[in-house]
Amino acid sequence: MGCGSCSTGGGCTPNGCKSNGSCGTGGCQTMEVHDWLSNLDMPANYKPFQVTEIKFKGSRKEFFLNSDNIYLEIGELVAVEGPTGGFDVGHVSLTGELVRIQMKRRKTNIDQVVKKIYRKATDADVEKWNAAKGMEWETMHKARKLALDLRLQMKISDVDYQADKTKATFFYTADGRVDFRELIKKMAESFRIRIEMRQIGMRQEAGRLGGIGSCGRELCCSTWLTNFKTVSTAAARYQNLSLNTLKLAGQCGKLKCCLNYELDTYLDALKDIPDKIENLDTEAGYARHQKTDIFKKIMWFSYQGDENWIPVKAARVKEIMALNKAGKKVPNLKEDAIQVAAPVVVEKSFDYENVVGQDSLTRLDERSRGKNNRNSNQKNNRNNQKNNRDRVPAGEKNTQPNNNRQQTPQGGQKQQQGGKQQQNQKQQQNAAPKGQQQAVPKPAHVNGPKPQNNKPKQQQPQGPKPVVKAEGNAVQGEKPEASKNKNRNNRRKNNNRRNNNNGSENKPAAE
């Protein structure tokens, strides 16, 4: 539930109470103050406080005189006097005695309040106000274009139209002073209204624009903060926070305002912690400081070369530092060590049955990790199957065709080629149907060429060998004699078969 003038959008009617924006909680206001006097009965002769606080766009609040004693409630739209004439429309943010307290807080005297409340906003006033607010977006973009054409080092962040369309306030941010006189002339010619330029800081800009912080909630400066306090990096040091500008800076680019929220608590706890922690001098050596638990008042130290940290009370550390300044040493810090209770792991207890595991923040990581493991297992299985196919036993290799046979070492090459002839005979016998066994043909290399291997291997010539063309006609060499023994013929056949397998174009002469 938000007003049309805030970043959340929507209407001015709170969704909870349905009272047309006049609820006591101020549901459609951002920086509202709870009226805790609204349910109290006032004395009979009590005169209501005539000053009323009115809220406008961008968390701007001003005080107005209710001289006509109009009955107003928080959240109502009223027509008030403009800064330079005319009228403007705003929401009632505070009434009654709380306005007196608010004026004391802002150091505003009642004599300084001169602007008046005219009336409750009528339908015509609201219609003009909505029409003026509808022109702000287009006007802001045109003004930005004019500033870019003039090459001004400034950023126009927002525009606020008065309800009667007689004046517009331009809010801008800049690093230094900007000469925008020429810009005002061009904007006055383009928009035909009175122009007011107001420079704001980065935090004020974030408060006007709004947004969501890193905590997941709306920005404090756009919801409930009314003033900005100085934030320094010392606040992060006192709270032992990492000095990382990306984490410490808000959307405005400055340090987060929430760094000051718990600063006082840390400063009270740090009173019992030594300011300058030095290495403690003991008889066992120098003990170096590692970390400090501010709220438990426990400090951890360790000796050089020892990975175990020794927890010591902060009060005892002060005593040891005083002894070291007096030139005395303590025997060993382990004697002053305290027992630190281990963290208790509390099991989660759910009011419902968690059947899908949606309560774990790492459920998606576990799912992706299991999927990666399955993919890697499937890939390993495929690689193992491929390696098993490549590593076929020697007895099964001989049953494969010659063109798929892998090259074997030289030591076992002769044995493989020696059984090649028997292998071809067995394959042809198994291919023939039963009852029709055919005669065993001669080796394939006798009747025709043999398939060649892609990797030729050169061998030393062993005596004169016949050189034959691919067609089978002898070109060079001597014909073997028929009187040689059978063993020599077998060796020559094996040598010729080996040459054919190694890519040679020669083949033995037909016997």
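Of the numbered criteria (1) modelled with pLDDT of 85 or more; (2) out of contact with any Ser or Thr (no Cβ under 8 Å at 6 or more places or on another chain), the one LEU361 fails is (1). With respect to the stated conditions, LYS329 fails to be more than 17 Å from PRO274 (Cβ to Cβ), out of contact with any Phe, Trp or Tyr (no Cβ under 9 Å at 6 or more places or on another chain) and surrounded by fewer than 10 Cβ atoms within 10 Å (Cβ to Cβ). Condition check for ASP111 on (1) within 26 Å of GLY201 (Cβ to Cβ); (2) surrounded by fewer than 16 Cβ atoms within 10 Å (Cβ to Cβ): one failure, at (1). Answer yes or no: is there a residue in the stretch 301-321 that is surrounded by 12 or more Cβ atoms within 10 Å (Cβ to Cβ), polar (S, T, N, Q) and farther than 30 Å from GLU205 by Cα. Checked against the condition, which is being surrounded by 12 or more Cβ atoms within 10 Å (Cβ to Cβ), polar (S, T, N, Q) and farther than 30 Å from GLU205 by Cα, the stretch 301-321 yields at least one hit. Condition first: in contact with a strand residue (DSSP E or B) (Cβ under 7 Å, 6 or more places away or on another chain) and not in a strand (DSSP E or B). Now tell me which residues in the stretch 165-188 satisfy that. The answer is THR166, ALA174, PHE180, ILE184, MET187, ALA188. Within the stretch 65-102, if we keep just the residues that are loosely packed, with under 15 Cβ neighbours inside 10 Å and of a type in the set (A, V, I, L, M, F, W, C), the residue that is farthest from ILE195 (Cα to Cα) turns out to be ILE101.
In the stretch 55-76, the residues that are in a loop (DSSP other than H, G, I, E, B) reach residues that are surrounded by fewer than 20 Cβ atoms within 10 Å (Cβ to Cβ) with C-beta atoms within less than 6 angstrom, at least six apart or across chains, in these pairs: ASN66/GLN50; SER67/LYS116; GLU73/SER22; GLY75/SER22; GLU76/SER22.
Restricting attention to the stretch 132-164, the residues being closer than 16 Å to GLY90 by Cβ and either part of a loop (DSSP other than H, G, I, E, B) or free of Cβ contacts under 8 Å to residues at least 60 places away in the same chain (or both) number 6.
If I ask for residues that are without any contact (Cβ under 8 Å) to a residue 60 or more places away in the chain and not hydrophobic (A, V, I, L, M, F, W, C), which ones from the stretch 198-217 would you list?
Within the stretch 198-217, ARG198, GLN199, GLY201, ARG203, GLN204, GLU205, GLY213, SER214, GLY216, ARG217 meet the criteria.
Hey, can you tell me all the residues within the stretch 93-113 that are in contact with a Leu (Cβ under 8 Å, 6 or more places away or on another chain) and modelled with pLDDT under 90? THR95, GLY96, GLU97, LEU98, GLN102, listed by residue number. Would the stretch 217-232 turn up any residue that is loosely packed, with under 15 Cβ neighbours inside 10 Å, part of a loop (DSSP other than H, G, I, E, B), at pLDDT 90 or above and of a type outside the set (S, T, N, Q)? Yes: one or more hits.
Looking across the stretch 129-178, the residues that are over 22 Å from MET202 (Cβ atoms) and hydrophobic (A, V, I, L, M, F, W, C) come down to TRP129, ALA131, ALA132, MET135, LEU146, LEU150, ALA163, ALA168.
Specify which of the listed residues (VAL80, VAL99) is assigned to a strand (DSSP E or B) and either β-branched (Val, Ile, Thr) or more than 30 Å from TYR172 (Cα to Cα) (or both).
Working: VAL99 fails: assigned to a strand (DSSP E or B).
From the options VAL80, VAL99, the qualifying one is VAL80.
Starting from residues that are of a type in the set (A, V, I, L, M, F, W, C) and part of a loop (DSSP other than H, G, I, E, B), keep the ones in the stretch 326-340 and report whichever is farthest from ALA314 (Cα to Cα). Across the stretch 326-340, the extreme among qualifying residues is ALA326. Counting only strands (runs of 3 or more DSSP E) that fall entirely inside the stretch 252-319 and contain at least 1 residues that are among the basic types (Lys, Arg) and within 29 Å of VAL231 (Cα to Cα), the qualifying elements are 285-293. Checking THR245 against (1) among the β-branched types (Val, Ile, Thr); (2) within 30 Å of MET140 (Cβ to Cβ); (3) modelled with pLDDT under 90; (4) over 27 Å from the mean Cα position of the chain (by Cα), which single condition isn't satisfied? The single condition THR245 does not satisfy is (4). If you check ARG151, ARG105, ARG144 for being within 21 Å of ALA188 (Cβ to Cβ) and surrounded by fewer than 11 Cβ atoms within 10 Å (Cβ to Cβ), only one passes: ARG151.
Pairing residues of the stretch 171-197 that are more than 23 Å from ARG208 (Cβ to Cβ) with residues that are assigned to a strand (DSSP E or B) and at pLDDT 90 or above, at Cβ distances under 8 Å and at least 6 apart in sequence or on separate chains, gives ALA188/ARG194; ALA188/ILE195.
The selection criterion, being of a type in the set (D, E, K, R), touching a residue at least 24 places away in the same chain (Cβ under 8 Å) and surrounded by 19 or more Cβ atoms within 10 Å (Cβ to Cβ), holds for ASP125.
Tallying residues that are in contact with a Lys or Arg (Cβ under 7 Å, 6 or more places away or on another chain) and either among the charged types (D, E, K, R) or modelled with pLDDT under 90 (or both) within the stretch 167-192 yields 1. If you go through the stretch 180-211 and keep only what is under 17 Å from ALA147 (Cα atoms) and of a type in the set (S, T, N, Q), you end up with SER190, GLN199.
The values are calculated or read from the model by the stated rules, or taken from the named source; none is laboratory data. Computed from a predicted structure; not experimentally measured. Note that we place each Cβ from the backbone using ideal geometry, even for glycine, and neighbour counts take in every protein chain shown.
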